Structures are given as C-alpha cells and as structure tokens.
Amino acid sequence: MGHTLFGHAPEVGEKAPLWSAESNNGAVEIADYLGQGAVLLLFYPADWSEVCREELPLLEELVTLAGKVKLKTFGISHDGLNSHKAFAREIGLRLISLVSDPYREISRAYGVSEANDTTCKRAAFLIDTEGVVRWTRLAVDVSEPYSIQEIEKALEMVREWDGLSNNLENWKRERQQAVQLPRVAPLAPPTHLQLSFWGTRGSIPVSGLNYNRYGGNTSCVSLTSDSGHLFIFDCGSGARELGNFLMSSQWSPPTNAEPATKKVEGYIFLSHTHWDHIQGFPFFSPVFRSPNRFNIIGWSNCSQTLGSILAGQMEYNYFPVSMNDLPSKLSFYSIQHGEVYLDGARVVGRLLKHPTPSTAYRLELAGRTLVYATDHEPHLPPPLITNTLLGDDVINAHLVEMASGADLLIHDAQYSGIELAEKVGWGHSSVEVAVDTAIRAGVKRLVLYHHDPSHNDDDIDALLATALHRASVLKNDTLQILAAYDGLKLEL
Ligand SMILES: [Zn+2]
Ligand SMILES: [Zn+2]
C-alpha cells in the first residue's frame, strides 16, 4: 500500500486496530465496546479550535437523536486529559467521550497522523460489532467540518444493523436551513427599518427604583419595517411588551388588508435557550391567535430539539398552556452554517463561546446591516490596563469578521473589565471587549446590551462612560456608543 496523506488508514472491510487509552470519562478498552455494539471514532485536530467547538456538540446531538442505537462514539485528538475534561465540560458533551492520544499511537494506527504531527487529521471510522470498519470519512482539508449528512448516513447504517427504522425526521426537519414564511405576495423593499429594545437585561428580570432608567426586562429586540418585516431577536421577558405592541393597532403590517383579520407573522431568532432568552415566550400574546405564524430559528442543545426545549418551559407544572395547545403556527429551523434569505433579508449565524453555545446573527436588509451578538465571552479576559486594540488572543476574530462594516452591533456588555476577570467561564463580555470588537469590525454604532441584574442605573451609566473612554483611548472618534434600555427605539 502506498504512503498517502493518511498513511495506512484501515479501509472498509478491514479489521479496525484495537487500542486502549484514557478519556475524560475514564479508561477505555476499545475491545470491550466492540462486542456490545458499533463504535464511531471521530478524530479531530484539537480541543478549542473553532470548528471542533461547533462540530462536536452538533455531532453529539445527532448521536443522541439517532435514538436507542447500540453505538459508542469517541472523539480522539492529541490533547491531554485535562484539556479534554475542560473542553468537554465547556461544550456540554455527555455522550461522546474524548480520548487522549498524546503519543499519537491511535492516530498513527488509523493513519490519520504522522509521527511528528502535532495535530491529527479530521477523520471518522464506523466499526461494527465484529470489529470491522464499515464506513470511513477522511477530510483532506482539516478546517472542513464533517458533513452532517454523511454522519447521518453512518448513523442510519447503525440503526439498520439494530433493526430500527430511520426516524430522525423531527430532528432533520429542525436541522434544515431556515425557510421563508409563505407570503401571499413578497414584502416590498422597505424604506425605514426600526429597531426596538423591549428587554435589555441579562440573567433575570429586575424591577424597582434602582432600574428606572434602563429597565429590567430580559433580552428581546425587534426589527420592523414600513413594508411589514418582523424579525425578533430573543424572547426574554421583554417579549410580553413586544407581543402587546404587535397585537395593538400601532402595528399594522401593510400586507394585511383589514385590521380585524390582521395576521402577525415573523421570524424569531434565538441566541440560545438560557431562560432569560425564552422566558417571555409563554407571555408573547401573538402565539395565542390562530392566524399568526412564526418561524423560530436557533440552535438545539446536545440532547434536545429547539422545539422541545421551548415546550419544556410550558409543561403543565410550570405553565397552564402547553406549547402544543397554542393556536398559532410555529415552525422550527436551524441557521448554523451558510446564509439564508428571509423576506429579502440575508441572514447568517455563527456560534459564540458561552456555557451552551450562543448564536450571533448578522442580518442585511435594504442596504443596512444589524449584528446581534449577546451572551458570549472572549477567549481570555483582557489585561486590565491596555492602550492598544485587543488582539485575536482575546477577541473572537470570527465575530469581528461577522460584524464587519455593520451599521449597528448589539453586543454583550454585562461586565466591567474587573468583573470579567473574576467571572471567567460565565459566558459574558466586558464593555472593553464590546468596544474593541466594534472598532476592529468597523461598525458605525455599538449598543451595549445584556446588563447585569446587579447593576443599577448609575452602574450602567458608569459602564457607558468606560466604553466611551475606551474608544477615546484608542483614538477612535467615529464609533457611536450607547447603552440599551427598555423602550429604546433606533432607526437602522
Ligand atoms: Zn442571557
Ligand atoms: Zn446565556
């Protein structure tokens, strides 16, 4: 056999090399698993890389939703055990065990790394109960993630071996790229785009005299147009006010002829499903009316679909009306990769670093660009004193790229620099991180968002002053910065 890029990777029909190693869930003797069921080995280049961060939770979700198949899945890289443990915890892995292969014994046996390679190639092997390789996938380009369709194919194979029918249907449907709402006629290109902030607080709603000026509702922002567009970002407690507005005579989409038969139709983009981003949904009145219709777009976590997570907070023990009983039409979609056009708007999404990954959205419509990027933390907390722009060691370069040239960036600004240093792993940013990201991306307006519930109005004033100071230290006099408050309205 010739020496290829992948050395001597076992081919379909050949016996899989046996190995034993340590994983984040304990010692693994691969032979012990093979008798019991199929084994899927996923070699990946390194913990913490952007592609692996996005891909492993997605693969775990796929494995989970494949149902009760007899399958054990291992992720394998050259990283050490401590790295694997921290990484698995951060991305919330439960089913996939991460195997540590620091001496490259396993990856060499499978031909996915050479003796001196620091990282292994991206490659997948499906092994049946007899220990025979039945399916492989070798990526020539390391930065190219596994194709979900291909992994799905492998899982369908295992389901067949187990005599199960292939019913990944719910999951597959929700995994589909978001689609446009059915419209009688396409919405006309808008001339005005209005951004409204209904909830700007993070973590938990607050109320009282200390929060008079900025307000206390949790995350909810809407983008509406004079030609009937409706895009909603997150459904925190602010969604109650938004719902009341949409059901009132103040909102009259031009596509509806009669106010009496008014339909409220739009898209709800969820950054993630932490409670402060979904808790307003059961109080969002348009979902209680039958002609109304929403396409809900987001990221399911490792073990559940987005629809089932939203339904979970409406179980009878928590709320009297179940999601199944809502008269409106709700459809769920995904938007992780690529771009999609919804009512003429181009939308792209990207995962950010947060205890459950959070999705940032870039929306372009009528020549204007909005980026919504809440609930995420930088790679590292920045130094407390610095007079230069934060680099890629701190700032997420992918977010900078995503926000490039935006008219307006809504960015997590929950903490001061000192608070961020004390809250590593909590999944939020400081005002400095927000300002530096905005300047590096060349955005025109930055809106500080997701205020900490422990911050009163004066604290948020102080954070805004810190942000303005940061921009002047960096000698930037073009970026406009404001702190979001409940009721803020801006023309995009
Ligand atoms: Zn949040
Ligand atoms: Zn969160």
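Computed from the coordinates by the stated procedures, all read-outs in this text should not be read as laboratory data. Here the structure is a predicted model, which means the values were calculated and not measured. Every residue, glycine among them, receives a Cβ derived from its backbone with ideal geometry; neighbour counts consider all protein chains shown.
Measure nothing but the geometry: give the 0 to 90° angle between the long axis through the Cα atoms of 457-473 and the longest principal axis through the Cα atoms of the chain, rounded to 10°. Between the helix axis and the principal axis of the chain, the angle is about 70 degrees. Dipole of the chain computed with +1 at Lys/Arg Cβ and -1 at Asp/Glu Cβ about the Cα centre; of Asn116, Val51, Phe319, farthest Cα towards the positive end is Phe319. Over the stretch 204-245, with a single point scatterer placed on each C-alpha, what log10 of the ratio I(q)/I(0) does the Debye formula yield at q = 0.13, 0.19, 0.29 1/Å? Calculated log10 I(q)/I(0) at the listed q: -0.33, -0.62, -1.00.
When the Cα gyration tensor is reduced to axis lengths a ≥ b ≥ c, the ratio a/c is 1.5 or higher for the stretch 307-463, and with a/b not above b/c it is classed as oblate.
Per residue, the average separation of C-alpha pairs within less than 8 Å and at least 6 apart gives the stretch 334-492 a relative contact order of 19 percent. Straightening the chain between Trp161 and Glu29 buys 45.2 nm, computed as 0.36 nm per residue apart minus the Cα-Cα spacing.
Net length available on complete extension from Val424 to Thr191 is 79.6 nm, with 0.36 nm assigned per residue and the Cα-Cα distance removed. Here the Karplus relation 6.51 cos²θ - 1.76 cosθ + 1.60, evaluated at θ = phi - 60°, turns the backbone of the stretch 395-408 into coupling constants of 7, 6, 4, 5, 5, 4, 5, 5, 8, 3, x, 5, 6, 8 Hz, with x for every Gly and Pro. Across the stretch 20-167, Cα pairs under 8 Å and at least six residues apart give a relative contact order of 30 percent. For a test of the definition: using alpha carbon positions, the gyration tensor, and the 1.5 limit on a/c, classify the stretch 444-492 as rounded, prolate or oblate. Oblate is the answer for the stretch 444-492, as a/c is 1.5 or above yet b/c matches or exceeds a/b. Angle, helix 148-161 long axis vs. longest principal axis of the chain, Cα atoms, 0 to 90°, nearest 10? On a 0 to 90 degree scale, this one is about 50.
Derived scalar couplings between HN and Hα for the stretch 339-355 equal 10, 9, 10, 10, 6, x, 8, 8, 10, 10, x, 8, 7, 10, 7, 7, x Hz in order, rounded to whole Hz, by the Karplus curve 6.51 cos²θ - 1.76 cosθ + 1.60 (θ = phi - 60°), x for Gly and Pro.
Determine the sum of side-chain charges near Asp412: Lys and Arg each +1, Asp and Glu each -1, restricted to other residues whose C-beta is under 10 angstrom from that of Asp412. Before the final figure, lay out each step's value.
Values: positive: none; negative: Asp375, Glu377.
Summing Lys/Arg as +1 and Asp/Glu as -1 gives -2.
Across the stretch 277-286, coupling constants 3J(HN,Hα) worked out from phi with the 6.51/-1.76/1.60 Karplus curve, θ = phi - 60°, read 10, 10, 5, x, 4, x, 10, 8, 4, x Hz, and Gly and Pro carry x. The distance from the alpha carbon centre of the stretch 327-381 to that of the stretch 37-110 is 26 Å, rounded to a whole number.
Counted over the chain, the DSSP beta bridges are approximately 55% antiparallel.
With all projection directions averaged, the alpha carbon convex hull of the stretch 20-167 covers 7.9 nm². Which of the lysines could a cross-linker span from Lys489 if the Cα-Cα distance has to be under 26 Å and same-chain partners fewer than 8 positions apart are dropped? Those lysines meeting the cut-off are Lys262, Lys263, Lys444.
One chain, two ends: Lys444 and Trp275. Fully extended at 0.36 nm per residue, the span grows by 57.8 nm beyond their Cα-Cα distance.
Cβ-Cβ distance of Ser290 and Asp458, R₀ of 56 Å, FRET efficiency by 1/(1 + (r/R0)^6): the value works out to about 0.75.
Under the criterion of Cα pairs below 8 Å and six or more residues apart, the relative contact order for the chain equals 13 percent. Each of Ala360, Ile30, Ile127 was placed along the dipole of the chain (beta-carbon charges, centred on the mean Cα), and the one lying farthest toward the positive end is Ala360. The C-alpha atoms of the chain define a longest principal axis, and helix 81-91 lies at about 40 degrees to it.
In the stretch 193-491, the inverse of the mean reciprocal separation of distinct Cα atoms equals 19.3 Å; this is its Kirkwood hydrodynamic radius.
Simple point charges give the picture: +1 on the Cβ of Lys and Arg, -1 on the Cβ of Asp and Glu, and for the chain a dipole about the Cα centre of about 1080 debye.
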